[in-house]
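Structure record follows, encoded as structure tokens.
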Amino acid sequence: MHPVTVLIFHPQPAHSAGPLERRLGAARDRLARVHETGFERAGATTVRLIAGPPDRRLFGARLADALQDVPNGGLILLGSGAIPLAGLADRRAFVACAGGNGPMAITNNRFSSDVLAVADVSWLHGVPRDLLTDNTLPRWLSDRAGIPVADLRARYRLGVDLDSPLDLILLGRQGAAIDLGPHPEDALVTDRLAGIRRVLADPGGELVIAGRTSAAALAWLEGFARCRVRALVEERGLRASTCLANERPQRPPRSVLGSILDSDGPMALGARLAELGDAALIDSRVLLAHRLGVDESSWPATEDRFASDLLNPAAIVDPWLAQLTESAADAAIPVLLGGHSLVGPGIRLVAR
């Protein structure tokens, strides 16, 4: 097996970051240390943490700079918030790919990558500096460089990542080592989780899921949940639909639920969901993309989005998002707002 280098990208909170951003940053910092130790145990030759405050550089430029002093051999790339549920066997699978011979690459999900292993670092020297995000790297490798990319989507735990303090709540005991609690601001989410679990156990109940959920998540729910499930699947691949900064997506993001809110206003969310079911998991990032476009720089601030995930409208500056969150928090049924993990791989964490 040839040498294997692991690069862990760790964006640190800005000096102006709010308390929720800092909480997530601290958890990611602890997870980065877990990754360092874990990949060393899995057989990686070198593990490097690339940390720094946020900047406006695209992922392609950041990657090109990081590769300048990486030796020949295999390479594993991941963010500090990626795969918090990974075990030693999972890390060994990535190390085995990176240390192998022949054209091979492996990722946790080729359509929305959080961790990627390649057997030859030189394949990545051609990555354009205007590649938008790491999510699109497997697509570039297979479509532009001709490298076959396998993925481990069947291991649902590898799809969970730390994008929000909500994800730390969903991890529960499994995240105890990286999130030092308890946190008083989590109380309402914890209460809503309990309500959602009661609906899941009720043969007469119905759970509403809207956003970037998957067939695999719904199939698992079909076998686990005693309630009925109403699913609205939309905008999967939202972040991976465009590889390069100068590429234009085929169409702007559109959401059926977002269209209803266009007509009725964000304060209608809770009432509309109560008409459809007895509990709801809503991918609020799809609603933001529907309203403001796929570019997150036009969205409400990160601290606002995190406060929304914790159902705290009083902490949100953006009026539209504050009203949406207030409606969800005050709904007659338990509602949770969040990102991809909530309606995707994190459904199992919600259920259990």
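Bear in mind these aren't lab numbers, they're just calculated from the coordinates by the rules spelled out. Just so it is clear, the model here is predicted, and its values are computed rather than measured. Every residue, glycine among them, receives a Cβ derived from its backbone with ideal geometry; neighbour counts consider all protein chains shown.
Would you mind giving the average projected area, over all directions, of the Cα convex hull of the chain in nm² with one decimal? Don't skip to the answer; put the middle values down first.
Numbers: hull surface 66.2 nm².
Quarter of the Cα hull surface area: 16.6 nm².
For the range 184-351, just say rounded, prolate or oblate: build the C-alpha gyration tensor, square-root its eigenvalues into a ≥ b ≥ c, call rounded for a/c under 1.5, and beyond that prolate if a/b exceeds b/c, oblate if not. It would help to have the intermediate numbers written out before the result.
Details: a/c = 1.74, a/b = 1.26, b/c = 1.38.
Oblate, since a/c reaches 1.5 and b/c is not below a/b.
For each of Phe9, Phe39, Phe224, count neighbouring Cβ atoms within 10 Å of the residue's Cβ, then give the residues from fewest to most. All intermediate terms of the calculation are to be shown ahead of the outcome.
On the way: Phe9 21, Phe39 26, Phe224 13.
Ranking Phe9, Phe39, Phe224 by Cβ neighbours within 10 Å, fewest first, gives Phe224, Phe9, Phe39.
Given the DSSP H assignment, sum -39500 (n - 2.57) over each helix run of at least 4 residues in the chain and divide by its residue total; what's the result at 222 nm in deg cm²/dmol, nearest 500? Provide the component values of the computation, followed by the final result.
On the way: 14 runs with 134 residues, N = 352.
Helices in the chain give a 222 nm mean residue ellipticity of -11000 deg cm²/dmol.
Quick one: length gained pulling Arg56 to Leu218 fully straight, 0.36 nm per residue minus the C-alpha distance? Let's see the in-between values first.
Values: separation 162, 0.36 × 162 = 58.32 nm, distance 3.65 nm.
Value of the extension gain: 54.7 nm.
Between the range 15-87 and the range 166-233, what's the alpha-carbon centroid distance in Å?
Their Cα centres are 28 Å away from one another.
Regarding the range 75-147, what's the average projected area of the Cα-atom convex hull, expressed in nm²? Mind dumping the intermediate values first?
On the way: hull surface 19.1 nm².
Taking the Cα atoms of the range 75-147, their convex hull projects to 4.8 nm² on average.
What are the semi-axes of the equivalent ellipsoid of the range 26-161, taken as the square roots of 5 times the eigenvalues of the Cα gyration tensor, listed largest first and rounded to whole Å? Each step should come with its number before you reach the end.
Details: eigenvalues 78, 66, 46 Å².
After scaling each eigenvalue by five and taking roots: 20, 18, 15 Å.
Run the numbers on the chain and let me know its relative contact order in percent, using alpha-carbon pairs under 8 Å that are six or more apart. Display every interim value, and only then the final one.
Working: 690 pairs, mean separation 59.5, N = 352.
Normalised by residue count, the contact order of the chain is 17 percent.
When the convex hull of the Cα atoms of the range 125-169 is projected onto a plane and the area is averaged over all directions, what value comes out in nm²?
On the way: hull surface 17.9 nm².
With every direction weighted equally, the projected area is 4.5 nm².
Given an 8 Å cut-off on Cα distances and at least 6 residues of separation, report the relative contact order of the range 184-351 as a percent.
Numbers: 283 pairs, mean separation 49.7, N = 168.
Answer for the range 184-351 is 30 percent.
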